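Heads up, the thing below is written out as structure tokens.
All of the numbers you see were taken from the coordinates with simple rules; none came from a lab. If you're wondering where the values come from, they're calculated on a predicted model, not measured in any experiment. Cβ: placed from backbone, ideal geometry, glycine included. Neighbour counts: every protein chain shown.
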Amino acid sequence: MTKTMTPTLLALACLMATPSVARARYSDGMNLYEYVKSNAVTNKDAFGKMSLACCNDMLTESFGKYEIARMVVTASGSRDGLGIPCLRRVKCKESCMNDVSGGYNPISRNVSMCARGLGYVGQGEFDQILIHELIHAMSVCGWWSPGCRNCMIEEKRAYFLSGMCTDDETCTQLAWGSCKASFSCFDLLNKWENYLGVGWPVNPLE
């Protein structure tokens, strides 16, 4: 259970998460009400959901980091056997299916950062989620292999390589949640413990 934040506190949290974006426009950093255009209720969600504007600001901050910029360029420049780019676009969306925080669509070849699913995360965690999805873009490259086992191997690798977990058990539990959200795995037919050791140790991206 997570605590909800008031509109003003969430707006302040978003400002704290994206300091360089704020300072780029204001020499001393904009104040809270400048940041939300004097309308904290409209521009920030009272129930602790990230606004689309905040998501876009954090994405801009991420693009300024070498590792992420390099991954975007690499994924955009990579192509599958049909010559289709592995990555077309990285964008923020208001919400995504099952309120996930981010996703790679193998059909559109887009990476989406999902504002409502992100809730309030700091810039560091936002970057990790983005890196996780960029790993999928480079690895899957539009050709997603169906099945729970394939999903678990792919998700465990993305969680590990993005720094979101360091051991098999934690990576397996995180992967299980993602694979259920994508309807690749189901509790009634399986359980996460069955995938301990599967796809482990993780193979790095080529």
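Which whole-number percent is the relative contact order of the range 47-144 (Cα, under 8 Å, 6+ apart)?
Numbers: 164 pairs, mean separation 31.9, N = 98.
Here the relative contact order equals 33 percent.
Hey, what do the phi angles of the range 72-88 turn into as Karplus ³J(HN,Hα) couplings, whole Hz, using 6.51/-1.76/1.60 and θ = phi - 60°, x for Gly and Pro?
Result, rounded to whole Hz: 4, 5, 5, 5, 5, x, 7, 9, 7, x, 8, x, 8, x, 5, 9, 9.
Can you tell me how much longer the chain between SER78 and LEU188 gets when fully stretched, taken as 0.36 nm per residue apart minus their C-alpha distance, in nm with one decimal?
35.8 nm
Can you give me the C-alpha center-to-center distance between the range 100-117 and the range 155-184, rounded to a whole angstrom?
Computed from Cα coordinates, the inter-centre distance equals 16 Å.
Using DSSP to call loops (not H, G, I, E or B), can you name the trypsin sites (Lys or Arg not before Pro) in the range 110-206 whose Cβ has at most 12 other Cβ atoms within 10 angstrom?
On the way: sites: ARG116, ARG149, LYS156, ARG157, LYS180, LYS191; in loops: LYS191.
For trypsin sites (Lys or Arg not before Pro) across the range 110-206 that sit outside H, G, I, E and B with at most 12 neighbouring Cβ atoms in 10 Å, the list reads LYS191.
Can you pull a Stokes-Einstein diffusion coefficient for the range 115-188 at 4 °C (1.567 mPa s), Rh from Kirkwood over Cα pairs, as a whole number of µm²/s?
On the way: Rh = 12.8 Å.
D = 101 µm²/s.
Just for the Cα atoms in the range 47-144, what are the lengths along the principal axes, largest first, rounded to whole Å?
That gives 45, 29, 17 Å along the principal axes, largest extent first.
Go through the range 99-113 residue by residue and turn each phi into a ³J(HN,Hα) via Karplus (6.51, -1.76, 1.60, θ = phi - 60°); whole Hz please, and just put x for glycine and proline.
Per residue, the Karplus-derived 3J(HN,Hα) values read 6, 6, 7, x, x, 10, 9, x, 8, 7, 6, 9, 9, 10, 9 Hz.
Given labels modelled 7 Å from the Cα in the Cβ direction, how far is it in nm from SER95 to GLU169?
3.6
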